[in-house]
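K.L.:
Quick one: structure below, then a few questions.
Derivation of every value follows stated rules applied to the coordinates shown; laboratory data play no part. Quantities reported herein were computed from a predicted structural model and do not represent experimental measurements. Cβ atoms come from the backbone with ideal geometry, glycine included; neighbour counts cover every protein chain shown.
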Amino acid sequence: KRGDTTTRGMAQPSALPIASADVKRELASSDDRVVTAAASALGALAVRVQLPTDFAALVDDLMDALERDGAKTGKKDARKLASVLAALSGLCASVDGARGRALDRGAAATVTREALGANEDGANDEEMDAVRVNALDFFRFLQHDDDRRGFEAVRGDSRCMAFVLASARERGSREMDFMKRVGGVDLVVNFAQQVAADDEKFDALIREGAFEVFTHALLADEDEVTVRGLIGLACALPRRRALRVKLAEDGECVRRLATLMGSSTDESLKGFAGGLFRALALDPETKGLVEKALREGGAGVLQTA
């Protein structure tokens, strides 16, 4: 399930290296260096061991630290922001009750404001990459199959959605650009899956650019991005003929599907691509467009298909 907490693969320590009360005291420090160190240690611990439920209360302290960032200097501290967001993600992913506390605090809107506001305050763009990536992780861990509040908090905030969509369309070649692409596309796919049965809500997501996110991801060089694009397209196409035609009209996308189906060594990529390609090739309305795209691609593409 999306956003489920899990103890699988986590150590079950007999004694933790730090108590929640100690972390709470350090997160309240007026020294940003102390806050950053405490949040960094908490984030690292949360992904390595199963923390007890009393650690969920630290969400409030992390939110307090996030909201008062820059209060003294008037400037955001990108390292502190990134550390606090990583700790919030770790708690929401693994500690019972943490996700609910974050939602009760309106965390999605606050994180969006702080993650984007730091740029407006002149923070170094490279330093902000970790903030953006950790914000995307946090939004992902707010999602849960059995509780729509995480979906509504992110999807219902226009500024938050603009941030997610911009991350999904990231075109840079650096490692952090790749991580933003993965995080952004993953969230857009997640949202599409959650509203797939609601035509009105799904169409609204498509109008905001979800379909372009999926096709852009399909053409990406990284398998981790491409497979998410394929999942998004598999969610979008079955019930929506107009989108099938739109995809078939994009010769580059059709040829990419054919190539993945014929030569990918990744079984997930091959399976998703094959299913989509065959759906287009067998549909009388799109069959001719597929044949045209393959002819334009030359003999190599025809052989792989």
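K.L.:
Using Cα pairs under 8 angstrom and six or more residues apart, how large is the relative contact order of the chain, in percent?
P.N.:
Relative contact order of the chain: 12 percent.
K.L.:
Still on this structure, I have one more. Straight-line reach only, C-alpha to C-alpha below 16 angstrom: list the aspartates and glutamates that Lys201 could link to, leaving out same-chain residues fewer than 8 apart.
P.N.:
Correct list for Lys201: Glu152, Asp157.
K.L.:
Another question about this same structure. Zone of Glu296 (label point 7 Å along Cα→Cβ, backbone N under 16 Å): which residues in segment 258-280?
P.N.:
Once the point is set 7 Å along Cα→Cβ of Glu296, 258-259 turn out to lie under 16 Å by backbone N, inside segment 258-280.
K.L.:
Of (1) 32, 50, 18, 1; (2) 28, 47, 23, 2; (3) 31, 54, 15, 0, which is the value of P(r) over Cα pairs in 20 Å bins from 0, in percent derived from the coordinates here?
P.N.:
Checked against the structure: label (1).
K.L.:
Anything over 26 Å Cα to Cα? Flag those among Lys180/Lys287; Lys246/Lys270; Lys80/Lys180; Lys76/Lys180; Lys24/Lys180, in the order listed.
P.N.:
Too far apart for the 26 Å limit: Lys180/Lys287; Lys24/Lys180.
K.L.:
Sticking with this structure for a sec: Considering the dipole of the chain built from charges on the beta carbon (Lys and Arg +1, Asp and Glu -1) around the Cα centre, which of Leu66, Ala87, Ser264 is farthest to its positive end?
P.N.:
Ser264
K.L.:
Okay, moving on. Give me the aspartates and glutamates in straight-line cross-link reach of Lys75: C-alpha distance below 18 Å, same-chain residues under 8 apart excluded.
P.N.:
Excluding near neighbours in sequence, the set is Asp31, Asp32, Asp64, Glu67, Glu114, Glu120, Asp121, Asp125, Glu126, Glu127, Asp129.
K.L.:
Can you give me the C-alpha center-to-center distance between segment 151-224 and segment 32-98, rounded to a whole angstrom?
P.N.:
Rounded to whole Å, the Cα centres lie 26 Å apart.
K.L.:
Another question about this same structure. Let me check I've understood the local charge: for Arg244, count other residues with C-beta under 9 angstrom from its C-beta, Lys and Arg +1, Asp and Glu -1. What total comes out?
P.N.:
+1
K.L.:
Taking K and R as +1 and D and E as -1, what net charge do the other residues with C-beta under 11 Å from the C-beta of Thr259 add up to?
P.N.:
So the surrounding residues net to +2.
K.L.:
Please sort 77-83, 49-55 by packing, taking for each peptide the average over its residues of neighbouring beta carbons within 10 angstrom, highest first.
P.N.:
Ranking the peptides 77-83, 49-55 by packing returns 77-83, 49-55.
K.L.:
In deg cm²/dmol and to the nearest 500, what is the mean residue ellipticity at 222 nm of the chain if only DSSP H runs of at least 4 residues count, each as -39500 (n - 2.57), divided by the residue total?
P.N.:
-22000 deg cm²/dmol
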